[in-house]
1. Could we say that B:Lys16 is away from chain A (no Cβ under 14 Å) and basic (Lys, Arg) here?
2. Within segment A:88-127, which residues are within 16 Å of ligand 3 (Cβ to nearest atom) and either in contact with a Phe, Trp or Tyr (Cβ under 8 Å, 6 or more places away or on another chain) or over 22 Å from A:Ala20 (Cα atoms) (or both)?
3. Identify the single condition in (1) open to solvent by 20 Å² or more (accessible area, probe 1.4 Å); (2) part of a helix (DSSP H, G or I); (3) closer than 26 Å to B:Gly215 by Cα that B:Val435 does not satisfy, given that it satisfies every other one.
4. Return the pair list, or none, for Cβ contacts closer than 7 Å from residues in segment A:117-143 that are free of Cβ contacts under 8 Å to residues at least 60 places away in the same chain to residues that are within 16 Å of ligand 3 (Cβ to nearest atom) and not in a loop (DSSP other than H, G, I, E, B), at least 6 apart or on different chains.
5. Would you be able to say whether some residue in segment B:290-299 is at negative phi and part of a loop (DSSP other than H, G, I, E, B)?
6. Going by the structure shown, is B:Thr587 touching a residue at least 24 places away in the same chain (Cβ under 8 Å), open to solvent by 30 Å² or more (accessible area, probe 1.4 Å), over 17 Å from B:Val442 (Cα atoms) and hydroxyl-bearing (Ser, Thr, Tyr)?
7. Taking into account only those residues within segment A:126-138 that are farther than 12 Å from A:Lys2 by Cα and more than 14 Å from every other protein chain (Cβ to nearest Cβ), which is modelled with the lowest pLDDT?
8. Checking the structure you have, find out if any residue of segment B:368-376 is out of contact with any Lys or Arg (no Cβ under 8 Å at 6 or more places or on another chain), in a loop (DSSP other than H, G, I, E, B) and basic (Lys, Arg).
Amino acid sequence: MKRIFIDREKCDGCKNCTVACMQAHRATPGTVYDLDLLDRKNEARHTIVSDGKGRYTPVFCRHCAVPDCVGACMSGALKKEPDTGHVQYDEKRCGTCFMCVMSCPYGNVKPDKATRSKILKCDFCKDDPEGPNCVRACPKKAIWVEEVEVL
Amino acid sequence: MNESCYGCSTCASADKPLEGFIAGLPMETSHHRVESQETKCGFGLQGVCCRLCANGPCRITPESPRGICGATADVMVTRNLLRAVASGSGCYIHVVENTALNLRNTAIEKGKFKGPGALERLCKLFGVSGKDDYEKALNVSNAVLNDLYKPEYVKMDLVEKMAYPPRFKVWKELGILPGGAKSEVFKGVVKCSTNLNSDPVNMLLDCLKLGISTGIYGLTLTNLLNDVLLGEPEIRMAPVGLRVIDPDYINIMITGHQHTMFVHLQERLTEPDVVAKAKAVGAKGFKLVGCTCVGQDLQLRGAHYTEIFDGHAGNNYTSEAILATGGIDAVISEFNCTLPGIEPICDELLIKQICVDDVAKKANAEYVPFTFADRGKQSEIIIDKIIAAYKERRPKVKLNLLPEHGYENNLTGVSEVSLKKFLGGSWKPLIDLIVSGDIKGVAGVVGCSSLVAGGHDVLTVALVKELIAKDIIVLTAGCSSGGIENCGLMVPEAAELAGPKLKAVCKKLGIPPVLNFGPCLAIGRLEIVATELAEAIGIDIPQLPLVLSAAQWLEEQALADGCFGLALGLPLHLGLPPFVTGSKVATQVLCQDMKALTGGQVIINGDAKESAELLEKVILEKRAALKI
Ligand code: SF4
Ligand code: SF4
Ligand code: SF4
Ligand code: SF4
């Protein structure tokens, strides 16, 4: 399966990946020029964590081999897809209990800020044949996609 | 240079032979660097990255809707835009200042005026006179300089004399009549510093004000002053493309916008003793090879320079390729469009770089500052250095010419004066064609080439093709002209590409469907044409079925020019937004509300077909309003 890897040494906190993620998941069609950067509905699905001393850690969903979020989800809204190995979310089945948010050891699932009625998580840009937009947007090559063995 | 493959990743070009040539070069150009710069910062694209203080860079996201100081997206965007427009205006004001100074000094020294008609015209416009041409030129140049040096709180005198009265009225009502042009740049820069102005609309109005001073002085008057010293444009046919480089001569490429700095040197280069110097080292003499806007200007006035000027080789992003032919022996720079990217190529091919104005001092150029009093001495220094370079480099450098590139028979020398003369001394024939619908409308396609709007000249050339196919005649100025002519749209045979009605008009007159007014400065000439057309019909400029496009706008200067277009009330198409879309206020004012203020409007679209349709729609609306 494919997974996003990070090299925190290379990340300079430019948040270009964040804009790309927002653009990739916006509800309305359009270009990055008219992406509403103030609209919470366009929230990104990852975070860039700063240590306050000029170093950054890009935090992306690991699509874990044994995902705690999936294990915690009782409604079946989160599933590890057998063919891709990616953890995907089905909003329609979600009970908004936020057990997944509590259980992800990396803090990668989050309630959406606009409505607090669903969760937001990385879907590996499943609708884009070119793969994760964040990865393509990173000028520092601090994040990349790699094929890994599933245990 | 290293051994990596330079040809694998060049950007596309509308000019396919050029694209192939660049892809095959053994050295790197801008066209090769597009790919490695492909990842663009989304905040920067929207204009919401603020670096004005040590708190920054601040960026706008849903979690951080304000900068640390409290600046909103609207404030960040308009501050950044005003900075850019002030800087662009400053560039053009520098050009007109030096041009006026050179005219003034020529008058004092009783030098030669190649365009006496232009001098009379300026005297009439300004309402000044003098006992002879020298005094007249002195009074004209002083009138310009006096205005440029006024403080910001004193309005310039020539604005009312130069502007179309209905426009002047609108500007006065909006409170955007400019004070001294240099001071306006200063004011603009002050206003957009940190923690000063935070009123986006107020800053946008300043952009219009800077647009007016840029347009009237930096663009229009620079042309007219140049006409006095360099000679007026005359319609003629001329070759374009890399084909113009003749390796039998010592070839000099000049880059910039301040042509009056070359008057003396240019004259010297054809004098027998200097030609003899060239012959002594094995060349037939000297030639100037046109490149960027200064080349467009030489081409425009080519009737006066047949002996020294070889032709126009290409525009801004063709300059690296022109140098890479090895056929150029020296580059003399005096202003912008002198890409930093030419430096390693000049080093590798032993091309001598000389700079005559330190605003364009290149890292590896020798600085021979132009001062009017010392021009004789400086010309000799420059000539000797170039001869030495020629002798040194020619045996060592392998030529890689492209003699088939470009076109032989391009219509050039078009100006507001020569075009009117061509039409029989009045605009009536053109107006009649517009009224009858044989010409649906007029599009001014101006600006530079940038490499990211589809590639080198890609959007510009495609848009022009779409426009002429819709029977819209295209007038061009700027580096876009250089690209359009290298793609064959300015030869009379290009009439075949026009729609049936425009094609018939072109065939009857023996002209191409795209008329080249020359350098970007000549955007001022296009705007004179617009004014004179409006005057002849008895309407205001925004009512004309006329649109502007800077499809591949590149620089801050283009933004200042664009603000003039908006102040004139013209619809202005841009292929890429000018880093403003992060602000809802700026976008709303520029694309919508401006229509109620000046009549102007920004239209942003990166697709040639769609853009042409949008511009056609505007033209049809204006036609309908005029009941034609
Ligand atoms: S959300 Fe957390 S637990 Fe679930 S797959 Fe991603 S990283 Fe693993
Ligand atoms: S919030 Fe939704 S996805 Fe998360 S555990 Fe609860 S039901 Fe499952
Ligand atoms: S784009 Fe790359 S460098 Fe920039 S914040 Fe994201 S991971 Fe870091
Ligand atoms: S001026 Fe304000 S918005 Fe700009 S960097 Fe400083 S604090 Fe941030």
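The values are calculated or read from the model by the stated rules, or taken from the named source; none is laboratory data. Note that the structure is predicted; figures quoted are calculated from it, not measured. Here the Cβ is made from the backbone with ideal geometry for all residues, glycine too, and neighbour counts use every protein chain on show. Surface areas here come from the heavy atoms of the whole protein model, side chains and all, with no ligands, DNA or RNA. Shrake-Rupley method; radii C 1.70, N 1.55, O 1.52, S 1.80 Å.
1. Working: away from chain A (no Cβ under 14 Å): yes; basic (Lys, Arg): yes.
Spelling it out, B:Lys16 is indeed away from chain A (no Cβ under 14 Å) and basic (Lys, Arg).
2. A:Asn108, A:Cys122
3. (3)
4. A:Glu130/A:Arg136
5. Our first condition is that a residue be at negative phi; within segment B:290-299, this holds for B:290-291, B:293-299.
Then keep just the ones that are part of a loop (DSSP other than H, G, I, E, B); that gives none.
No, segment B:290-299 contains no residue that is at negative phi and part of a loop (DSSP other than H, G, I, E, B).
6. Details: touching a residue at least 24 places away in the same chain (Cβ under 8 Å): no; open to solvent by 30 Å² or more (accessible area, probe 1.4 Å): yes; over 17 Å from B:Val442 (Cα atoms): yes; hydroxyl-bearing (Ser, Thr, Tyr): yes.
So B:Thr587 does not fit the description; no.
7. Our first condition is that a residue be farther than 12 Å from A:Lys2 by Cα; within segment A:126-138, this holds for A:127-130, A:133-138.
Then keep just the ones that are more than 14 Å from every other protein chain (Cβ to nearest Cβ); that gives A:127-129.
Values: A:Asp127: 90, A:Asp128: 93, A:Pro129: 93.
Only one residue fits best here, namely A:Asp127.
8. no
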